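Asks: Here it is, the structure in full.
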Amino acid sequence: MSINISVETPLQDDVRNLISELNDALHALTPPEHCYHMTADEMARPDTTVIVARDNGNAVACGALRRHEDGIGEVKRMYTKPEWRGRSIGGRILEMLEALACTETIHRLVLETGDRHHAAWRVYERCGFTRCGAVLDYPDSGYSVFYQKELSVIFQESSS
């Protein structure tokens, strides 16, 4: 298995398909009114960076970092195709998102996930995230579980 993980645009057909699979999986576990999706177009905005994992050129997993005010980064759109789970791909994507956040002025990562997404909880907890109360502007509906992680930020100085 040779998985390549890199920053990519979400505006590619295979990445859009991956996002569609993610949406279908979320809707199977959570009522649609309690799913807080970003579309591929929203993910392509300058405040968001998308990371895609590929095997032999095929998109098999993704995740995104969305930047908010006050040094907060939000982990979004984490997904690994079912046949690729259990191979630490999600953890590797999270590590890349965290490393990216640490090079910026982001000092805290947060995320919202579903109340029935036990496999996702294990990935987040293995990567050092801890449960917390509602984050950002998400409602505390009972359908969501929230996580956070404080970061050691490496501020890069501009040379201009």
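Asks: Which percentage, to the nearest 5, of the DSSP beta bridges contained in the chain is antiparallel?
Replies: Details: 31 of 34 bridges.
Among the beta bridges of the chain, antiparallel pairing accounts for roughly 90 percent.
Asks: Hey, another quick one. What chymotrypsin sites (Phe, Trp or Tyr not before Pro) does region 83-135 have in DSSP loop regions with at most 15 other beta carbons within 10 Å?
Replies: Values: sites: Trp84, Trp121, Tyr124, Phe129; in loops: Phe129.
Passing both the DSSP loop test and the Cβ count: no residue.
Asks: I would also like to ask the following. In a shell of Cβ-Cβ distance under 15 Å around Arg77, excluding Arg77 itself, what net charge do Lys and Arg (+1) and Asp and Glu (-1) give? Working shown, then result.
Replies: Numbers: positive: Arg16, Arg45, Arg66, Arg67, Lys76, Lys81; negative: Glu8, Asp14, Glu21, Asp24, Asp41, Glu42, Asp47, Glu74, Glu112.
The answer is -3.
Asks: Using the membrane-span-like helix rule (whole DSSP H runs, Cα extent along the own axis of at least 18 Å, mean Kyte-Doolittle hydropathy at least 1.0), which helices of the chain qualify? Please list the in-between numbers first.
Replies: On the way: long enough: 13-29 (25 Å, -0.12); 89-102 (20 Å, 1.15).
Both cut-offs are met by 89-102.
Asks: Efficiency by 1/(1 + (r/R0)^6): what FRET value for Leu136 and Glu83, r their Cβ-Cβ distance, R0 = 25 Å, to the nearest 0.05? Let's see the in-between values first.
Replies: Values: r = 32 Å, r/R0 = 1.29.
The pair Leu136/Glu83 has a calculated efficiency of 0.20.
Asks: Per-residue ellipticity at 222 nm for the chain, helices alone: DSSP H runs ≥ 4 residues times -39500 (n - 2.57), over residue total, nearest 500 deg cm²/dmol? Numbers along the way, then the final one.
Replies: Values: 4 runs with 44 residues, N = 160.
Dividing the helical sum by the residues of the chain leaves -8500 deg cm²/dmol.
Every number in this text was worked out from the coordinates using simple rules, so none of it is lab data. What you are looking at is a predicted structure, and each value in this text was computed from that prediction instead of being measured. Because the Cβ atoms are built from the backbone with ideal geometry, glycine has one as well, and the counts that use them run over all protein chains shown.
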